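This report concerns only the one structure given below.
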Amino acid sequence: MIEAGVRAARVPPFHAMAMSRLAEEHEAEGRRVLHLEVGQPSTGLPTGARRAVEAALDRPLGYTNAPGIAALRRRLAERYDGVDPERVTVVSGASAGFTLAFLGLFDAGARVGVLEPGYPCYRNTLLALGMQPVPIPVGPATRWAPTPDLVDAAGPLDGLIIASPSNPTGTILRADALAALAEACRRSGIAVIADEIYHGIAAEPAPRILDHEPDAVVVNSFSKYYSMTGWRVGWMVVPDSLVDVIERLQQNLFICAPHVSQVAALAALDDTDELDGHVARYLTNRSILIEGLGAAGITDVAPADGAFYVYAHVPQLTSALGIDSMALCRRWLDELGVCATPGIDFDLARGHEYVRFSSAGSTDTMTEAVELLAGWRP
Ligand SMILES: Cc1ncc(COP(=O)(O)O)c(C=O)c1O
């Protein structure tokens, strides 16, 4: 029998996707599911992007050059003061951006700080690439934000991944917090990778890393604010010193991001009125969720400053029932048709007592889900 490589065999699953799959099985059996597990908008491609795609289908859509179509790179560069479009690469979603960033910056064995709780694919991608994720636990004491002291406590690091607004806690790193982290990393020679995928999904704009650390690598995407998860398109901004290496990696690993998605992305940049409407709904949903969870006795939640998640501490349920958050989510799915994501995805040490709810769905979904949770008698 052919066996998987040892390193690949050790890569853990992404449990949110596993919950979505369970939910799909329920739906295939004819049962109704309220989806609060998914980190994706329930809306489709914005209108201008749809029109651009329709028009593009009349011409051949081949490879683009590796860093992406020039007009898109130029528009993306304009978002950052003084960034040369040469520093922008269009990628196949933020996920591909992480692979390129990690390979561009680090060698096998590199120690890279990842926050716990945090988006699990940072850790799992580093593992797949033979690098060493170093967990940096954050919690309520620092509003779930990393601090220079917490980074120091992790020991020597080659890199640090930060995300603001964060998945799963929604924490936004304020400008002073970003500046302090940037300064600490510069002092210790730690490369900063900033995942800014949830920028635009908050009541206030989130501060940007490049305003504090010009040499940081930024990864962003059209998946969330632009409502384009399935189009697999994002971008990264790298310092001048990495431009060549990222282009060579992109040529060899991915060739280019999908051409049709780049066309859609360029047009979506002008669809902000429609997209801001989605953000307004996420904010309404977040309030309904937080209030409704409170009525269901779930009151200990992380800040939820931005992104579309509410990360809740539920030890009163997991301890009372003698189960972990994975089993709790399965019971909610089986008994209520409410699908949420267990915290073990985001935090190996404490996640068994946490659950993440996504407010990206419809407002009716939120209202109905919290009513069901409030009425649940295990
Ligand atoms: C924090 C974070 N970064 C990156 C991604 C993946 O982004 P993409 O769809 O652009 O690959 C996700 C998806 O949920 C995410 O939550």
Pick from GLY39, GLY200, GLY62: which residue has the top mean-square fluctuation in a GNM of the chain where Cα pairs under 10 Å get a spring? GLY62
Viscosity 0.890 mPa s, temperature 25 °C: Stokes-Einstein D of region 41-160 from its Kirkwood Cα radius, in µm² per second? 140 µm²/s
Region 296-378: which chymotrypsin sites (Phe, Trp or Tyr not before Pro) are DSSP loop and have at most 10 other beta-carbon atoms within 10 angstrom? none
What number comes out for accessible area per residue over region 138-288 if the probe is 1.4 Å? Units Å², please. 38 Å²
Under 5 Å from the placed amide H of TYR309, counting only residues 5+ away or on other chains, we find SER359
HN-Hα J in Hz across region 255-260 - Karplus 6.51, -1.76, 1.60, θ = phi - 60°, x for Gly and Pro: 6, 6, 6, x, 4, 4
Which loop trypsin sites (Lys or Arg not before Pro) in region 1-41, with loop taken from DSSP, have no more than 12 other Cβ atoms within 10 angstrom of their Cβ? ARG10, ARG31, ARG32
If you count only protein heavy atoms and use a 1.4 Å probe, how large is the accessible surface of ILE323, to the nearest 10 Å²? 50 Å²
Points 7 angstrom from Cα along the Cβ direction at ALA374 and ILE323: gap in nanometres? 2.3 nm
Need one number: convex hull volume per residue for region 217-324, Cα atoms only, in Å³. 167 Å³
Local electrostatic count, LEU328, Cβ distance below 13 Å [Lys/Arg +1, Asp/Glu -1]: -2
Rounded to two decimals, what is the ratio between the C-alpha radius of gyration of the chain and 2.2 N^0.38 Å? 0.98
Below 8 Å between Cα atoms, with a sequence gap of 6+, how large is the relative contact order for the chain in percent? 24 percent
Where in the chain is the longest stretch that carries no GluC sites (Glu not before Pro) classed as loop by DSSP and with at most 10 other Cβ atoms within 10 Å? 30-378
Based on DSSP H runs of at least 4 residues, each adding -39500 (n - 2.57), what is the mean residue ellipticity at 222 nm of the chain after dividing by all its residues, to the nearest 500 deg cm²/dmol? -12500 deg cm²/dmol
Mind listing the phi-derived Karplus ³J(HN,Hα) values for region 332-339, rounded to whole Hz, using 6.51, -1.76 and 1.60 with θ = phi - 60°, and x for any glycine or proline? 4, 5, 5, 8, 10, x, 9, 10
Net charge of neighbours whose Cβ lies under 15 Å from the Cβ of ARG350, counting Lys and Arg as +1 and Asp and Glu as -1: -4
By DSSP, what percent of the beta bridges with both residues in the chain are antiparallel, rounded to the nearest 5? 50 percent
Running a GNM on the chain with Cα contacts under 10 Å, which residue among HIS35, HIS26, HIS199 ends up with the highest mean-square fluctuation? HIS26
With all protein chains present, region 1-119 has a carbon and sulfur share of its accessible area (1.4 Å probe) in percent of 51 percent
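The values are calculated or read from the model by the stated rules, or taken from the named source; none is laboratory data. Please read these numbers as outputs of a predicted model, since none were measured by experiment. Please note: Cβ atoms are built from the backbone with ideal geometry, for glycine as well, and neighbour counts cover all protein chains shown. Ligands, DNA and RNA are stripped out before the accessible areas are found, and what is left, the full protein with its side chains, is counted by its heavy atoms. Shrake-Rupley method; radii C 1.70, N 1.55, O 1.52, S 1.80 Å.
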